[in-house]
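Step one of this worksheet: look at the structure below.
The values are calculated or read from the model by the stated rules, or taken from the named source; none is laboratory data. These numbers were taken from a predicted model, which means no experiment stands behind them. Glycine also receives a Cβ, built like all others from the backbone with ideal geometry; neighbour counts cover every protein chain displayed.
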Amino acid sequence: MTALTEDMADALRRRIDELEQQLTSSAAENARLADERREALERQAATAEILKVMAASPADVQPVFDAIAANANRLIGGFSTAVLRYIDGAAHLAAFTPTDPAGDRVLQASFPVPFAQFPAYQLIANGAAAQLPDTELEPAARDIAHARGYRSMLFAPLMSEGAAIGVIIATRRTTGAFGEHHVRLLQTFADQAVIALSNVSLFNTTREALERQTATADILKVIAASPADVTPVFQAISDSAKALIGGHSSTVTRVIDGMLHLAAFTTDNEAGNADLLSSFPAPLSSSGIHSRVATSGQYAFRSDMQNEPDLTDAMKELARTRGYRSILVVPMLRDGVAIGTIAVTRREAGQFPDKAINLLKTFADQAVIAVENSRLFNEVQDRTRELARSLDDLRAAQDRLIQTEKLASLGQLTAGIAHEIKNPLNFVNNFASLSAELTSELNEVLAPVPLAGDVRSEVDELTGLLKDNLDKVVQHGRRADSIVKNMLLHSREGGGEHRLSDINALVEESLNLAYHGARAEAPQFDVTLKCELDPAAGQAEVFPQEITRVLLNLISNGFYAVTRRKVEGSAGDYEPIVTATTRDRGDSIEIRIRDNGTGIPDEVKEKMFNPFFTTKPAGEGTGLGLSMSHDIVVKQHGGTIDVATEPGEFTEFTILLPRKSGFPDKDGR
């Protein structure tokens, strides 16, 4: 019984031990699972945070790198973490978790470092993570490890398309290998860094493409809006080039007559504008980069305006004054020949990427298109204006030929009518005069005949009335005869020969003819004649006989006006003056006939060029002179005739005759 009880007790103890072991194992497993769950949650939280940062800064990778470094360091439990990027054969520090200021300065001063001096570059070249359990074993890492205060390192490469583009380095103060889960975690962060770089690159590429398309569209709009002027296009290109490539300044030049002229510029440095403006125009033979590009037709650049060996002191000083370190210049090529240049500058030194060169070449092509469009547009406009002028000249010549024909036809008709009227008019005039004489003879015959007093009185009254009526018939017959004579004068067929004539000679001759004609009709006539003839007036293509007729008519009207004022006026010191003036007006010649006579009232001025309108007494005017003068000057010669007057003071007629009348020459041209 005792033995049985002991066996049962042993079995019970064993069972209790087993249960205790199971409980201990379960607790450990639960703790492990809890740790794994916590780490998973922390990784998820870190990943979510990094994704949020990526979404918040699609154009800038720096906030993402900062978040990756901070989260990796926290989750690994490291001393510090750094993100490095591989750029142009060297490792560059992109982000790090700070420790102490002195150690941070050592870290920052250690980069960039060439690949040859960066062992980690070869260590992870195959794309796999690597470790350095003890930095004392690696001389290249020992100094910076001492300065920063860590002893072990974990490296996770940033891989893109099979090539390393950077690395994440995690450090700890203690020696020893990192756990596998830490290696996987750091590689996850490395992959996120690569995704961030790709996203930013894609975003920036898309944005740059959109900016280029927008700039191109804007320039095309300006080209369409200003087809005749390239200046707005050049300014738009300059603005776009500065914004998308240079960042500091941009210039557009044009080659004109072997010189390079500044066409447009955009800059942030207003202080350097004076030096820029004073640099142009520049001869193509000068040593400047613009002239070199315009001469060679090939683009050129300077990556460092202060350190390149072949730069002159003047070039360096100009760059310092304007505030740039690098410059890119491309030619504007038309048929392989440079017609100008486009340049951009940057404040920092360094070469320009291919995309900047290609974009500037695109702008140069647009500038050439604008220049060609402007040239063609202006040529078409000039040709259109030339054709319009030719058409106007042809129409004017046609109108003048038609007017000449009309005048000739009207002259023939008027001459025929005048001749038909003249015969019966002569009959009326002659017989009216004869009847008046017969009436006088009748009175003489009846004088000795004895008649009763009342009969004698009635006969005398009747013969007197008859004689008065006959005198009126004679008076009006003479006026009608004067009208017929003027009609015959104005209706002479043709206007003589159309030829190049000296206008001054025509004016002077007309003035003399009118004066001597007036003296012949009235020997007591007296007037002061003045000539102010411009020697530069020269010659014009006219019908000289017709222009002489116009001048004689205007001068005669002036003589009539001054004579009338002298007769009607009470002032004894009045001096009649008629002045003839000529002036050179370029393509035209101006003739002025001025008198200080009675002037013309406004109501008369409005009708003075109407046919048969006259204010002169019966027998002194026909009303055809000014009407025919207007037709000769305006319709036949394509000129103008205007009048300025002040009643009681003066009248001045102004004639403007074109030097080229538009009539075909003798060869039909």
Q.
When you scan region 384-392, do you find a residue that is in contact (Cβ under 8 Å) with a residue 24 or more places away in the chain and not acidic (Asp, Glu), even just one?
A. no
Q. So Ala102 clears everything in (1) over 60 Å from the mean Cα position of the chain (by Cα); (2) part of a loop (DSSP other than H, G, I, E, B); (3) loosely packed, with under 15 Cβ neighbours inside 10 Å; (4) touching a residue at least 24 places away in the same chain (Cβ under 8 Å) except one condition, right? Which one?
A. (2)
**Q.** Evaluation of Ser291 against (1) farther than 23 Å from Glu208 by Cα; (2) more than 31 Å from the chain's Cα centre (by Cα); (3) hydroxyl-bearing (Ser, Thr, Tyr) (one fails), failing number
**A.** (2)
Q. So which residues in region 351-383 are free of Cβ contacts under 8 Å to residues at least 60 places away in the same chain and among the charged types (D, E, K, R), if there are any at all?
A. Asp354, Asp365, Glu372, Arg375, Glu379, Asp382, Arg383
Q | Residue check, Gln398 more than 17 Å from Pro232 (Cβ to Cβ), within 17 Å of the chain's Cα centre (by Cα) and part of a helix (DSSP H, G or I) | A | no
Q) What number of residues within region 351-391 satisfy the criterion of being closer than 17 Å to Gln298 by Cβ, outside any helix (DSSP H, G or I) and of a type outside the set (S, T, N, Q)? A) 1
Q | Among the candidates Asp275, Asp239, residue that is surrounded by fewer than 22 Cβ atoms within 10 Å (Cβ to Cβ) and over 22 Å from the mean Cα position of the chain (by Cα) | A | Asp275
Q: Can you give me the ranges of the strands (runs of 3 or more DSSP E) entirely in region 281-350 with at least 1 residues that are in contact (Cβ under 8 Å) with a residue 40 or more places away in the chain and either aliphatic (A, V, I, L, M) or over 27 Å from Gly258 (Cβ atoms) (or both)?
A: 326-334, 337-346
Q: Please work out which one of (1) over 29 Å from the mean Cα position of the chain (by Cα); (2) farther than 21 Å from His248 by Cα is the condition Pro281 fails and give its number.
A: (1)
Q.
Checking Ser627 against (1) more than 20 Å from Leu552 (Cα to Cα); (2) out of contact with any Asp or Glu (no Cβ under 7 Å at 6 or more places or on another chain); (3) at pLDDT 75 or above; (4) not β-branched (Val, Ile, Thr): exactly one of these is not met. Which one?
A. (1)
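Results for (1) of a type outside the set (Lys, Arg); (2) at pLDDT 90 or above; (3) assigned by TED's automatic domain parsing to the domain that holds Glu568; (4) touching a strand residue (DSSP E or B) at 6+ places or on another chain (Cβ under 6 Å), shown as yes or no for each residue.
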| residue | (1), (2), (3), (4) |
| --- | --- |
| Gly621 | yes, no, yes, no |
| Gly638 | yes, no, yes, yes |
| Thr645 | yes, yes, yes, yes |
| Phe653 | yes, yes, yes, yes |
| Leu656 | yes, yes, yes, yes |
| Gly662 | yes, no, yes, no |
| Gly668 | yes, no, yes, no |
**Q.** Count of residues meeting criterion [surrounded by fewer than 16 Cβ atoms within 10 Å (Cβ to Cβ) and touching a Pro at 6+ places or on another chain (Cβ under 7 Å)] in region 546-577
**A.** 0
Q: For region 194-231, enumerate the residues that are surrounded by 16 or more Cβ atoms within 10 Å (Cβ to Cβ), at pLDDT 80 or above and within 30 Å of Gln381 (Cβ to Cβ).
A: Val230
Q. Taking interchain pairs and intrachain pairs at least six residues apart, which have beta carbon atoms under 8 angstrom, with the first residue in region 528-547 and of a type in the set (Phe, Trp, Tyr) and the second surrounded by 20 or more Cβ atoms within 10 Å (Cβ to Cβ)?
A. Phe543/Gly495; Phe543/His498; Phe543/Ile632; Phe543/Gln636; Phe543/His637
Q: Would you check if Gln122 is part of a helix (DSSP H, G or I), farther than 18 Å from Gly77 by Cβ and in contact (Cβ under 8 Å) with a residue 12 or more places away in the chain?
A: no
**Q.** Residue ID - nearest to Arg334 (Cα to Cα), chosen from residues in region 239-280 that are hydroxyl-bearing (Ser, Thr, Tyr) and in contact (Cβ under 8 Å) with a residue 24 or more places away in the chain
**A.** Thr253
Q) Which ones in region 179-190 are surrounded by fewer than 15 Cβ atoms within 10 Å (Cβ to Cβ) and either assigned to a helix (DSSP H, G or I) or not assigned by TED's automatic domain parsing to the domain that holds Glu161 (or both)? A) Glu180, His181, Arg184
(Q) Where the second residue is in a strand (DSSP E or B) and the first is at positive phi and lies in region 577-603, which pairs have Cβ atoms under 6 Å and are six or more apart or on separate chains? (A) Gly599/Thr645; Gly599/Glu646; Gly599/Thr651
Q) Residues in region 133-146: is at least one touching a residue at least 60 places away in the same chain (Cβ under 8 Å) and either surrounded by fewer than 19 Cβ atoms within 10 Å (Cβ to Cβ) or not in a helix (DSSP H, G or I) (or both)? A) no
(Q) So, in region 490-527, how many residues would count as being modelled with pLDDT of 85 or more, loosely packed, with under 14 Cβ neighbours inside 10 Å and under 15 Å from Asn557 (Cα atoms)? (A) 2
(Q) Given the condition β-branched (Val, Ile, Thr) and closer than 30 Å to Asp354 by Cβ, answer yes or no: does some residue in region 135-148 qualify? (A) no
Q) Just a yes or no: is a residue in region 479-487 part of a helix (DSSP H, G or I), modelled with pLDDT of 75 or more and among the hydrophobic types (A, V, I, L, M, F, W, C)? A) no
Q) Is it the case that region 75-95 has a residue that's of a type outside the set (Val, Ile, Thr), loosely packed, with under 13 Cβ neighbours inside 10 Å and at pLDDT 85 or above? A) yes
